[in-house]
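Scroll down for the structure; my scribbles are underneath it.
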Amino acid sequence: MSEGIRRQEVPHREEDARSVSIVTYSELAADPASWDALMERALTTHPHYSRHVMAAHHAAGLADADLAFVCVRGRGGLEALMPFRSRRDIAGLGSRVTHPFLSPFITQTSPLVAEGPDLPDGRDLPDRLDLLVAGLRIASGGRPWRWPLLPTGTRLGRGLLAAMDRAGWVHGAADRFERPIVERRSSHSVFLGEHPHRSRMKDLRRRHRRLSKRGSLTLGIATEGPALADAVAGFLRLERAGWKGRAGTALACLPQHEAFARALFADGSGPVGLRADTLSLDGRALSISLALLAGETATLLKTTYDERERAHAPGLLLEALIIEEMHATGFAGRLDSATLAGSVLEDLYPDRETISEIIAVPDGASRPISLERRLRLATMEREAKTLIKHLLGRR
């Protein structure tokens, strides 16, 4: 469990029979049905803190058995959870901050919070969030939270910040960007007709026709069994054959990351669905996309492509086909690109979701460093990392 954290339980209103506590991954995993039930009811659109995804992190050695979680429980069982860690942080001049559990594969950090069925209109949500925020304070020992990748424009994101306000916390955004998403329209033709970059869509259709003249261009979809295992193995090979392999950052170059991918896309059970889409030319994979489905949202976790066909943009062609497939079959109501700022998908995915990095300081916490200074330090840190990345890229 995180440094300085001891098991604690705080009761809420007696009539609610609710409490908040700090538990470990191994304790949560001992009751998989409760964890899955929370995921099924969660207002969250991402799958990252589901039992299935956290189990893959644990199997790959990316999350320890004593990883700590804030948990809210009520009469109906588990109602909210938030995995967390603490570390020393430049925005605190080396002092410790607490942050959501992160890995190279987590692209959103909303807590899992159940919606209903206590009250159909969702009026119970603020109460759950109030208790969750009380648990966040316990988790950090009253120290600040640095919270990246939080969708602050969603009902849950707004509700979490409002609960912090009610508890007397102060918070501010150190960074934000607009992530490309696609909300399903009534038809694919409506999607194309409303698209703000029609010339880009026409260009992709031209590239698709050119590739089709060379052979049979097909879209393969796998969701389970040997077909899914083959798609994942093909993804690992294709990614390693490209620039990520040469740079040593492909999943197959890093044993923990390869183990995570294989565990994540092994046939599983529970509320998180698995999906692999493959664009092939005469049976040869040109691009492969791996996605997780939670509720109505498909999170497109990773995409790779054959760099020998770069001129035909096979990765973007596959993304466009996935959009078309969503409209044709309804396998999802929303596609989350899971990207950072400056993604090539910004011209393809027309909708946006605001993703922020929040620094939040609990009420009564010692404040040798003001919130404003913490925000400035975080901005300076981000700008320095961007500059270093740019310089390394030029080299």
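Structure data summary
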{"quantity": "Residue identified as part of a helix (DSSP H, G or I) and surrounded by fewer than 19 Cβ atoms within 10 Å (Cβ to Cβ) among 227, 266", "calculated": "227"}
{"quantity": "Matching option when the condition is touching a Ser or Thr at 6+ places or on another chain (Cβ under 9 Å) and either modelled with pLDDT under 95 or surrounded by fewer than 21 Cβ atoms within 10 Å (Cβ to Cβ) (or both), among 281, 254", "calculated": "281"}
{"quantity": "Failed item, numbered, when residue 94 is tested on (1) in contact (Cβ under 8 Å) with a residue 40 or more places away in the chain; (2) closer than 30 Å to residue 376 by Cα; (3) part of a loop (DSSP other than H, G, I, E, B); (4) touching a strand residue (DSSP E or B) at 6+ places or on another chain (Cβ under 6 Å)", "calculated": "(1)"}
{"quantity": "Cβ pairs under 7 Å, 6+ apart, first in segment 303-324 and of a type in the set (D, E, K, R) and modelled with pLDDT of 95 or more, second surrounded by fewer than 19 Cβ atoms within 10 Å (Cβ to Cβ) and assigned to a helix (DSSP H, G or I)", "calculated": "307/243; 324/188"}
{"quantity": "Some residue of segment 160-175 being under 27 Å from residue 343 (Cβ atoms), without any contact (Cβ under 8 Å) to a residue 12 or more places away in the chain and touching a helix residue (DSSP H, G or I) at 6+ places or on another chain (Cβ under 7 Å)", "calculated": "no"}
{"quantity": "Meets criteria (part of a strand (DSSP E or B), in contact with a Lys or Arg (Cβ under 7 Å, 6 or more places away or on another chain) and in contact (Cβ under 8 Å) with a residue 40 or more places away in the chain) for residue 70", "calculated": "no"}
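Conditions tested, residue by residue: (1) more than 21 Å from the chain's Cα centre (by Cα); (2) at pLDDT below 95; (3) not assigned by TED's automatic domain parsing to the domain that holds residue 112.
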position: 27; (1), (2), (3): yes, no, no
position: 31; (1), (2), (3): yes, no, no
position: 58; (1), (2), (3): no, no, no
position: 94; (1), (2), (3): yes, yes, no
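The values are calculated or read from the model by the stated rules, or taken from the named source; none is laboratory data. As the structure is a computational prediction, the values presented were derived from the model and not from experiment. Using ideal geometry, Cβ is built from the backbone for each residue, glycine included, and neighbour counts are taken over all protein chains shown.
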